[in-house]
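Working notes for the structure below.
The values are calculated or read from the model by the stated rules, or taken from the named source; none is laboratory data. None of the values given here were measured: they were computed from a predicted structure. All Cβ positions, even for glycine, are placed from backbone atoms using ideal geometry, and neighbour counts span all protein chains on display. We work out accessible area using only protein heavy atoms, side chains counted, and drop any ligands, DNA or RNA first. Shrake-Rupley method; radii C 1.70, N 1.55, O 1.52, S 1.80 Å.
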Protein chains: 2
Amino acid sequence: MAISHQSIYERLTESTAVALATRLRLFEEGTVLQCKEIGDGNLNLVFHIIDINSEKGIIMKQALPYAKVVGESWPLSLKRATIEANALLTAVDYVPTLVPKVYYTDELLAFTVMEDLSRLQIARTGLIEGKNFPLLSEHIGTYLAKTLFYSSDFGLEPLKKKVLVQKFINPDLCKITEDLVFTDPFFDIDTNSFEEELRHDVEQIWADQPLKLEVAKLKQKFLTKADALLHGDLHTGSIFASETETKVIDPEFAFYGPLGFDLGQFIANLLVNAISRNSENREPLYHHIEKTWDVFSATFSQAWKKDAVEQYRDTEGYLDYVLEQAFEDAIGFAGCELIRRTIGLAHVADLDGMDSFEERISAKQHALRLGKALIRDRKSIKVLGVLQNYVNNTAKE
Amino acid sequence: MAISHQSIYERLTESTAVALATRLRLFEEGTVLQCKEIGDGNLNLVFHIIDINSEKGIIMKQALPYAKVVGESWPLSLKRATIEANALLTAVDYVPTLVPKVYYTDELLAFTVMEDLSRLQIARTGLIEGKNFPLLSEHIGTYLAKTLFYSSDFGLEPLKKKVLVQKFINPDLCKITEDLVFTDPFFDIDTNSFEEELRHDVEQIWADQPLKLEVAKLKQKFLTKADALLHGDLHTGSIFASETETKVIDPEFAFYGPLGFDLGQFIANLLVNAISRNSENREPLYHHIEKTWDVFSATFSQAWKKDAVEQYRDTEGYLDYVLEQAFEDAIGFAGCELIRRTIGLAHVADLDGMDSFEERISAKQHALRLGKALIRDRKSIKVLGVLQNYVNNTAKE
């Protein structure tokens, strides 16, 4: 294709977004629309457009050709908008109730029109407020089992799977994870960001060769293991939730990666929230962590028994082996996520929003110790029930 | 692209191949050319075109749009001709003396013009004749170390590597390996081919659940682990050799796969040849097997120390871990190759060409026992020096 995306691409504004919505007939003719840009402006513009009479709305999300982090900006492929739309359109076949509906997508302008989820709350925000979203783990366990199984060589003919692997090659966004999750926090690199009070703990990590060897192995899996189509960024900020609903959003990091990655990131973000709470309020998080795995493994196993296309599907021990690998990797990835959310570039409000400085530093030290323990012990941890003990045992040095 | 390859593609003949060579000015004007088709006709046409005065020649290889095996034919993507040319052009940067020169390549007609290697002999043929090609292992160890290292995330920036992963997605040819190496021989599937005298041994394999679990794990690595750009079919029939030269040919199965795969296939084909010889003539093969690994690991380590782009390059134990994984996988892949070359669809002349029926059956039983032992013991085998014992210990039941 001779025309580059950039040459046609133009940044939408609130008024051009409304004009576009009208031109695309996303609302009935004559409807009076109101539009507000509600994105955080780091990677994307997010326009919330509503019919002011019915209050029915849509979301129009446009990728920006750069990432803005800590004041700096670096160029970032617009292809991620297509990746995101394609990932949502792939997921809808397997988990139609757990992702937003996609109404329209345009590759050149790098925007997607999708369901307005403003009736729901970002899970991280709700968890920080002390909400527990009772169905969160059941929904996420189901989401993970179905999206992962049916995109893997177990649920999809290898010829078809390789077409998807090719379609979802996502170098720019993977590079962000390779650097910010698996590399920078473990070296003295200037993207890191932490309170001076943590320097001693951080320098211990930088000097810890056995720990870094284990992180290197996990990074290698992330770089090379094309098991299934991942969400790629499944933290609690990528989930809208309520008492009854859960919707997974923002799969712009989607690519073919290791089975345990999404699971590990999700678990780690629940653990971070647990650590930020008083110990008597952590039980709902532990419940969610265990239930996510239980629902995931049961649903994955059912799908395997019903739909596996792999000739070795009935070989004794194979399904168990696949689940054990995913579990072990998930624990390791969770450890990396705990550490990078504490001292890396991209922090989380669960920890950074803690009012007391002393408690915040203490919680962050706790997160670092827990992260290290999970990375090191991932082969010996066999059930998520023990994570509660891990949290307690790493509370103090 | 609206025009499909098939619509422009036409099958070359000896006379159209000569006309093409002339049109492409591959020889000086007025040269009298002679052309002979020398392919085995299964997957490709191979034209040997020479200047009858100087006897200087070229090879013009054209992919056929189908594979012809045991009388049947199935459609096969012509894209493999492009994959092969691109793989040769990638390898030439790192191992210029170990691959044929590429003079011209045409995607639509699916042909590549390359160096005439008729001065050399196919390594398998020479080994069967009892030749030992003294430099074979040094050259193949070097070939593997350099092509694998410099295409991996260790030797290539991840952003660039992913472009190559995408370029070398090779579903049709990978499917052949997935089926013929990792699946069919381990199940009662009608592509298998073996003497009735082996039925008992074969049925033992089909019923051996622990063995099949290990093969399933190895198959999963082949399906998912995009470590490095592999040759993909590195048996002794894909190597031209002499006393002084070695050239690796036919990389049409090239794709991003696990580090140990090419190594395992090469070792297995040396082992098959060893088994076909009297025990007193096996020493040169054992020497080649050990030397291949020694040269591979030394050259890979040197490249790592000199050129690694991975941030964890100096983390204690990481290079050793990477080599250990490649070694263990290579042993397992070698086991699968031994079994499939004995009872699967594609046999080898080393065994099938043995004159005495009794010795042939006995050698094939030996190959099956050795293959099973390598798959099972791959984690405990730490040096290739012990393979000699494995060969001896599996000689009789």
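In a GNM of chain B with a 10 Å cut-off on Cα contacts, which of B:Phe187, B:Phe168, B:Phe333 has the highest mean-square fluctuation?
Comparing B:Phe187, B:Phe168, B:Phe333 in the GNM, the peak value goes to B:Phe187.
Which loop GluC sites (Glu not before Pro) in the stretch A:90-188, with loop taken from DSSP, have no more than 16 other Cβ atoms within 10 angstrom of their Cβ? Provide the component values of the computation, followed by the final result.
Numbers: sites: A:Glu107, A:Glu115, A:Glu129, A:Glu138, A:Glu178; in loops: A:Glu107, A:Glu129.
Sparse-neighbourhood loop GluC sites (Glu not before Pro): A:Glu107, A:Glu129.
At 0.36 nm per residue, minus the direct Cα-Cα distance, what do B:Lys36 and B:Leu164 gain on full extension? Give it in nm, one decimal, please.
On the way: separation 128, 0.36 × 128 = 46.08 nm, distance 3.49 nm.
Extra length from B:Lys36 to B:Leu164 when fully extended: 42.6 nm.
Subtract the Cα-Cα distance of B:Glu129 and B:His287 from 0.36 nm times their separation in residues, and report this length gain in nm to one decimal. Show your work: numbers first, answer last.
Numbers: separation 158, 0.36 × 158 = 56.88 nm, distance 1.77 nm.
Full extension from B:Glu129 to B:His287 adds 55.1 nm.
Using the reciprocal of the averaged 1/r over all distinct C-alpha pairs, how large is the Kirkwood radius of chain A in Å?
Working: mean 1/r = 0.0457 Å⁻¹.
About 21.9 Å for chain A.
Of B:Ser152, B:Ser297, B:Ser279, which has the largest mean-square fluctuation in a 10 Å C-alpha GNM of chain B?
Checking each option, the largest mean-square fluctuation is seen for B:Ser279.
What accessible area per residue, rounded to a whole number of Å², is obtained for the stretch A:2-115 using a probe radius of 1.4 Å? Walk me through the intermediate numbers first.
On the way: 6070 Å² over 114 residues.
Counting only protein heavy atoms, the per-residue value for the stretch A:2-115 is 53 Å².
For the pairs A:Lys364/B:Lys305; A:Lys379/B:Lys219; A:Lys167/A:Lys221, note any where the Cα-Cα span goes beyond 30 Å.
Details: A:Lys364/B:Lys305 36 Å; A:Lys379/B:Lys219 22 Å; A:Lys167/A:Lys221 20 Å.
Violating the 30 Å limit, Cα to Cα: A:Lys364/B:Lys305.
FRET efficiency for A:Glu10 and A:Asp190, Cβ-Cβ distance as r, R0 = 25 Å, nearest 0.05? Show your work: numbers first, answer last.
On the way: r = 33 Å, r/R0 = 1.34.
The calculated FRET efficiency here is 0.15.
Give, rounded to the nearest 20 debye, the magnitude of the charge dipole that the stretch A:121-395 has about its Cα centre when Lys and Arg contribute +1 at Cβ and Asp and Glu contribute -1 at Cβ. Numbers along the way, then the final one.
Values: 31 positive and 43 negative charges, 147 e Å.
So the magnitude is around 700 debye.
Provide the FRET efficiency to the nearest 0.05 for the B:Lys56-B:Asp352 pair, computing r from the beta carbons and using R0 = 56 Å.
Working: r = 35 Å, r/R0 = 0.63.
Using R0 = 56 Å, I get an efficiency of 0.95.
Which one, B:Thr224, B:His235, B:Pro185, is farthest towards the positive end of the dipole of the stretch B:159-243 when Lys and Arg carry +1 and Asp and Glu -1 on their Cβ?
B:Thr224
With a 1.4 Å probe on protein heavy atoms only, work out how much accessible surface A and B bury together, total over both chains, in Å² to the nearest 100.
Values: alone 18000 and 18000 Å², together 32090 Å².
Summed over both sides, the interface buries about 3900 Å².
For the stretch A:23-102, which GluC sites (Glu not before Pro) pass both filters: DSSP loop (anything but H, G, I, E, B) and at most 11 other C-beta atoms within 10 Å?
Numbers: sites: A:Glu28, A:Glu29, A:Glu37, A:Glu55, A:Glu72, A:Glu84; in loops: A:Glu28, A:Glu29, A:Glu55.
For GluC sites (Glu not before Pro) across the stretch A:23-102 that sit outside H, G, I, E and B with at most 11 neighbouring Cβ atoms in 10 Å, the list reads A:Glu28, A:Glu29, A:Glu55.
Using a label position 7 Å from Cα in the Cα→Cβ direction, what is the ascending list of nm distances from A:Glu55 to the same site in the other copies?
For A:Glu55, the other copies' label points sit at 9.2 nm, shortest first.
With charges only on Cβ, +1 for K and R and -1 for D and E, what is the dipole size of the protein assembly as shown about its Cα centre, in debye, rounded to 20? Please list the in-between numbers first.
Working: 86 positive and 118 negative charges, 39 e Å.
Dipole size: approximately 180 debye.
How many nm separate the modelled label positions at B:Gln388 and A:Lys101, each set 7 Å beyond the Cα in the direction of the Cβ?
7.3 nm
Against the empirical 2.2 N^0.38 Å scaling, what ratio does the C-alpha Rg of the stretch A:270-383 come to? Before the final figure, lay out the partial values.
Values: Rg = 17.3 Å, N = 114, 2.2 N^0.38 = 13.3 Å.
For the stretch A:270-383, the normalised Cα radius of gyration comes out at 1.30.
Determine the shielding of peptide B:213-220 by partner chains: average, over its residues, the number of Cβ atoms on other chains within 10 angstrom of each Cβ.
Working: counts 7, 3, 2, 9, 7, 0, 4, 11.
Mean shielding count: 5.
Mind jotting down the distance between the C-alpha centroids of the stretch A:308-384 and the stretch B:51-118, whole Å?
Rounded to whole Å, the Cα centres lie 48 Å apart.
Once the label point is set 7 Å along the Cα-to-beta-carbon vector, what list of distances in nm do you get between B:Tyr321 and its counterparts in the other copies?
Nearest first, the other copies' label points are 2.2 nm away.
Considering only protein heavy atoms, what is the solvent-accessible area of B:Lys219 at a probe of 1.4 Å, reported in Å² to the nearest 10?
We get 20 Å² for B:Lys219.
May I ask you to derive the FRET efficiency for B:Arg25 and B:Leu89 from their Cβ-Cβ distance with R0 = 22 Å, giving the value to the nearest 0.05? Numbers along the way, then the final one.
Details: r = 20 Å, r/R0 = 0.91.
For B:Arg25 and B:Leu89, the calculated efficiency is 0.65.
Would you list, by chain and number, the aspartates and glutamates whose Cα falls below 14 Å from the Cα of A:Lys131, excluding same-chain residues fewer than 8 positions away?
Cross-link targets: A:Glu243, A:Glu245, A:Glu283, A:Asp350.
Need one word for the protein assembly as shown: rounded, prolate or oblate. Basis is the Cα gyration tensor (sqrt eigenvalues a ≥ b ≥ c); a/c below 1.5 gives rounded, then a/b vs b/c decides.
Numbers: a/c = 2.05, a/b = 1.55, b/c = 1.33.
Note, shape of the protein assembly as shown comes out prolate.
According to the Cα gyration tensor, what semi-axes, each the square root of 5 times an eigenvalue, does the equivalent ellipsoid of the stretch A:141-247 have, listed from largest to smallest in whole Å?
Details: eigenvalues 202, 79, 30 Å².
Semi-axes from the Cα gyration tensor: 32, 20, 12 Å.
When only DSSP loop residues count, what trypsin sites (Lys or Arg not before Pro) in the stretch A:105-166 have their Cβ near at most 14 other Cβ atoms within 10 Å?
Numbers: sites: A:Arg119, A:Arg124, A:Lys131, A:Lys146, A:Lys160, A:Lys161, A:Lys162; in loops: A:Arg119, A:Lys131.
When the trypsin sites (Lys or Arg not before Pro) of the stretch A:105-166 are filtered for loop state and at most 14 Cβ neighbours within 10 Å, A:Arg119 remain.
How much accessible area per residue does the stretch B:121-395 have, in Å², with a 1.4 Å probe?
Working: 9200 Å² over 275 residues.
That works out to 33 Å² for each residue.
Counting only protein heavy atoms and a 1.4 Å probe, tell me what percentage of the stretch B:189-292's accessible area is made up of carbon and sulfur. Write out the running numbers ahead of the final one.
Values: 1430 of 3050 Å².
C and S atoms contribute 47 percent here.
Averaged over A:97-104, how many beta carbons belonging to a partner chain fall within 10 Å of each residue's beta carbon? Intermediate values should be presented prior to the final figure.
On the way: counts 0, 0, 0, 0, 0, 0, 0, 0.
Other-chain Cβ atoms within 10 Å of each residue's Cβ, averaged: 0.
For the stretch B:34-128, what does the alpha-carbon gyration tensor say about shape, rounded, prolate or oblate, given a ≥ b ≥ c as the root eigenvalues, a/c under 1.5 as rounded, and a/b over b/c as prolate?
Working: a/c = 1.41, a/b = 1.22, b/c = 1.15.
Taking the square roots of the gyration eigenvalues as a ≥ b ≥ c, the stretch B:34-128 is rounded.
Work out the charge dipole of the protein assembly as shown with +1 on the Cβ of Lys and Arg and -1 on the Cβ of Asp and Glu about the Cα centre, then indicate which of A:Val391, A:Val215, A:Asn53 is farthest towards its positive end.
Positive-end residue among those listed: A:Asn53.
Express the carbon and sulfur contribution to the solvent-accessible surface of the stretch A:2-115 as a percent, rounded to the nearest whole number, probe 1.4 angstrom. Before the final figure, lay out the partial values.
Details: 3230 of 6070 Å².
It is 53 percent, rounded to a whole number.
Shape call for the stretch A:57-184 from the C-alpha gyration tensor, a ≥ b ≥ c root eigenvalues: rounded (a/c under 1.5), prolate (a/b greater than b/c) or oblate?
Because its axes are fairly even, with a/c under 1.5, the stretch A:57-184 counts as rounded.
Would you work out the relative contact order for the stretch A:121-395, in percent, from Cα pairs under 8 angstrom that are 6 or more residues apart?
Numbers: 403 pairs, mean separation 76.7, N = 275.
Normalised by residue count, the contact order of the stretch A:121-395 is 28 percent.
Do any residues of the stretch B:315-333 show a loss of at least 30 square angstrom of accessible area between the isolated chain and the full protein assembly, using a 1.4 Å probe, and if so which?
Relative to the lone chain, where solvent access is computed with a 1.4 Å probe, the stretch B:315-333 loses at least 30 Å² at B:Thr315, B:Glu316, B:Tyr318, B:Tyr321.
Please report, in debye to the nearest 20, how large the charge dipole of the stretch B:2-115 is about its Cα centre when each Lys and Arg carries +1 at its beta carbon and each Asp and Glu carries -1 there. Don't jump to the answer; show the numbers that get you there.
Numbers: 10 positive and 14 negative charges, 38 e Å.
Dipole of the stretch B:2-115, to the nearest 20 debye: 180 debye.
Sorted from shortest, what are the nm distances separating the label point of B:Pro210 from equivalent points in the other copies, each placed 7 Å from Cα along Cα to C-beta?
Computed spacing set for this position: 3.1 nm.
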